[in-house]
Structures are given as C-alpha cells and as structure tokens.
Amino acid sequence: MALQIDTRTATEFGAVRTFGQANFQFTTLGNNTFSPNSLATNLGNNQNLLDTPGDGFVGIEYLFIQFAGFTFGKSASAYATPWQGFPSNITSFLMGGQNTDTGVPNIQYTADFGSGLSFTAGLEDPTVWDRTFLYNLSTGLNAVGTTGNAYAGVHAPDINVRFRVDQAWGLFQISAAAHQVDGAYNILNASNATPNNLSEISGHPDTKWGGSVMAGLWIKNIPTGVGDDLKMDASYAKGDTKNVISTAGASPTFAIFGGSGRAYQSLGFGATTDGVWLPLLNGGTGDIKLTESFGFRGAYTHNWNAYWSSALFGAASFVRYNGNAADVTTAMGQYCATYIASNRLTAANTSADFRCNPNFDVYQIGVNARWTPVKNLAFTAEVQWVGLKQNFAGTATLTPTAPKPNAVYEFKNQDTVLLQLRVQRNF
C-alpha cells in the first residue's frame, strides 16, 4: 500500500509544497526452502528480519519540500526523465538508463523560463542510487566474476544538470551527471574486500571522476490512436554505470546457468562495476580503470479503446572493460589475469578455445495488456524476455557457490522469460 500526503500553500514566493509517500509492505521468506525458524536464516526469529507471520515493513519513497524553485529531501533525481525506468512497463528492472523512482536524498533548483522550458541543477547523495561496484582485484574474483565492493566513503555528492522542453506535443530533455569514483585501501581481505590491520598503511588509488549523459524523448498523441505515445531515452556513462544498469533497487550483476552439450552446465555472467583497479604490489598499475557503459530503452503504448491498452517495450544495455585480455595495463587485462589466477585456470582445466572477456550486453523485450473496466482500476499482464550476451568462450573447471558442484562449465549466452500480473487501484 502506497500512502501519499501532498500539501500546497500559496505564498508570495509561489506555492510551498510538501510531499511524502510511504509504502507499507508484507513479506515472505524469499527462498521457501529455508525455515523461518532457522538460526542460520534469521538469527533465531530476530523480529528485525521480518520473516515471521504477519510481519512487514514501511519504506519511505518520497519525502520533500518545494519552495521558490528549490526541492529539499528525498525526491526523483534532477537527472531523471518523468517516466524513470517505466516507459510503459510494470516490471521494475527495465535497464538501459537511469532510475530513481523511489527517491534519492538531494537538493535541486529548477529555473522555469516559461513556454515549457526549464533548467534544473542538483546535488545528491550517491551512496545507494548512484554507485554500482568498485573492485580491488587483489581480493580475487569468484567463479561468476565478482568480489567485494571496494568503494571508499562518500566524499562528494553527485552533480546533476538537466535541460527540458515540455510542450503539448511531448517532451525532450538532456541530462548530465558527474560522479566521484574513490577506492578504499590497496590491501583488503580477500573476497569481501573488508579492511584489516594492513589496510591503512597500504594507501589507496587516486580518486577519479566519472559521469554520464542521457537524452530523453516523449512524443504524445501519435497518429496511431487517441492517447498513443512513444517514450525513449539513450544513455552513455564512464565510471557512472548506475545511470545505465539501473533498477528500482540495486544495480545488479548477472549470473545465469543453463544447459550444455559439452559440459556439466553452461554459465553466463556479467560483473557490473564503475571501475576496477589492481594495486602495484599485486602487479597492476595501481590506478582505477573506469568502466564504460551505454544503453537504450523505449516503449510504444497503444489504446485500443476506452478500456483496453497495450504496450511494446524494450531495452539494450552494454558494459565494457577497455583494453584486451593480454594487456595487464588495461582494465580487461587486469580483470582477466585476476579471474584466471583466482579460479586456478590452466591449460589442463580449460578448453583450447577458452577466452576471457568480461564485456557483456543485456537485451530485454516485452509486451503487456491492460484492462481498465472502471476509472482508476487496472488489470495488467506482462511478459518479458531477458537475454544475457557474455563474451567468455570455451569451458573451464570452476567451483561456484553451493549448491553448484565443482565441475566443468561451458561459457555461453543465457536468457530467461518472466510473467508478471498486477491489479492496481488508485484513489
């Protein structure tokens, strides 16, 4: 249940607005093979873990004050499009662009020039919404190419600007962001990247700044039908991957297992990062190598009549580690050297066609149908296909986490299909 409070008061400075939205949610234990009474899964019925009958939680999505062009609090980013990650889908992980649909702590100012022209600038807390992962490769990489997050503390806010044209025909905007990428220590504990007694004296890599740009277009009332529209946005980022690989929650990494004709199973994975570094004492260059990413998403909505509508939507996301696997001065070279060493891959336990390449793409396409029998009541069914294109090749003997066995796995592209149903009432 989403409860909204919206107040507006007329003043000599214009309207003063306060807005808040709280979500009241029930919960179930996510993996139903676990016992909710198990010490290992919820620390002996710790009520804070919310997995006992009747429990749930309250989440604050938006909470802000607007005054004289300023917005203070938890609101959509100044960088965002009005549709966020939902051009016409109901699933909360259509990637390929930015999403802050549950609000981010920020301060922003909007200058309204009239006739639908505006400029917005903002400063926001990057801790949750604007960071993916930063890998210190000296901590090793597991079988699916990930390790602990080695970001340092937040030392600077993200800086966002947006220029928007909002007219009767639709909307066009261009956004830009600057994001600080600062690493923790050069010596960290393996796998989880936590500090130890040698961390402080080992130093840390120099901080780098990344950023991203996004263009968004919304065309309303296109000729195919009354109320039909088309929404799309395109993004590019360097060291700011969350503005491309973004969902309603965290920025995901990917690991999907499937069938194989030449190994125990097949495996496709993609590590989502803002950057990686390999310290000098581990044979690397010691500097942060920023990851590049780019994406596109869009949706076309058609209204068949007053009660039925449908949408076709899709997205494509691309993550790139620059360089090549043989060059240890590059991001790809350092990543591959670490992956091979961490998983003890040799000619004896890999195939002749084995190739390391951490670049990956994610493709999504979906369709939904929506029935609105009465005003503000909607029934929606949505089907989506998600494809992971990874660039490793061949086979290797790997030890993934349980319950997967130590076995030979084939590196292979993967995909999945999902169905989501929703009944929604607004009032």
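Worth a mention:
- Each residue in the range 70-106 was checked for being touching a Ser or Thr at 6+ places or on another chain (Cβ under 7 Å) and of a type outside the set (S, T, N, Q), and 12 of them qualify.
- Qualifying residue in the range 194-202 (condition: under 25 Å from the mean Cα position of the chain (by Cα), farther than 30 Å from Ala306 by Cα and modelled with pLDDT under 95): yes
- With a requirement of 1 or more residues that are under 30 Å from Thr399 (Cα atoms), the strands (runs of 3 or more DSSP E) lying completely within the range 157-271 that satisfy it span 254-258, 265-270.
- The residues of the range 161-183 that are buried (at least 18 other Cβ atoms within 10 Å of the Cβ) and either of a type in the set (A, V, I, L, M, F, W, C) or outside the structural domain of Glu292 (by TED's automatic domain parsing) (or both), listed by number, are Leu171, Ala177, Val181.
- Being surrounded by 18 or more Cβ atoms within 10 Å (Cβ to Cβ), basic (Lys, Arg) and more than 17 Å from Gly270 (Cα to Cα) is a description that does not apply to Arg344.
- For Gly333, the conditions (1) out of contact with any helix residue (DSSP H, G or I) (no Cβ under 9 Å at 6 or more places or on another chain); (2) touching a residue at least 40 places away in the same chain (Cβ under 8 Å); (3) surrounded by 17 or more Cβ atoms within 10 Å (Cβ to Cβ) all hold with the exception of (2).
- Some residue of the range 335-349 being modelled with pLDDT under 95, farther than 25 Å from Gln84 by Cα and assigned by TED's automatic domain parsing to the domain that holds Thr224: no
- Against the test of being over 30 Å from Thr401 (Cα atoms), surrounded by 24 or more Cβ atoms within 10 Å (Cβ to Cβ) and in contact with a strand residue (DSSP E or B) (Cβ under 9 Å, 6 or more places away or on another chain), the options Gly270, Gly295, Gly227, Gly239 yield a single qualifying residue, Gly295.
- Taking each residue of the range 6-26 that is of a type in the set (Ser, Thr, Tyr) and looking for partners that are modelled with pLDDT under 95 with beta-carbon atoms closer than 8 Å, six or more apart or interchain, yields Thr9/Ala15.
- Just so you know, in the range 136-160 the residues that are small (Gly, Ala, Ser) and in contact with a Leu (Cβ under 6 Å, 6 or more places away or on another chain) include one that is surrounded by the most Cβ atoms within 10 Å (Cβ to Cβ), and it is Ala150.
The values are calculated or read from the model by the stated rules, or taken from the named source; none is laboratory data. Not measured: the values here are computed from a predicted model. Note that we place each Cβ from the backbone using ideal geometry, even for glycine, and neighbour counts take in every protein chain shown.
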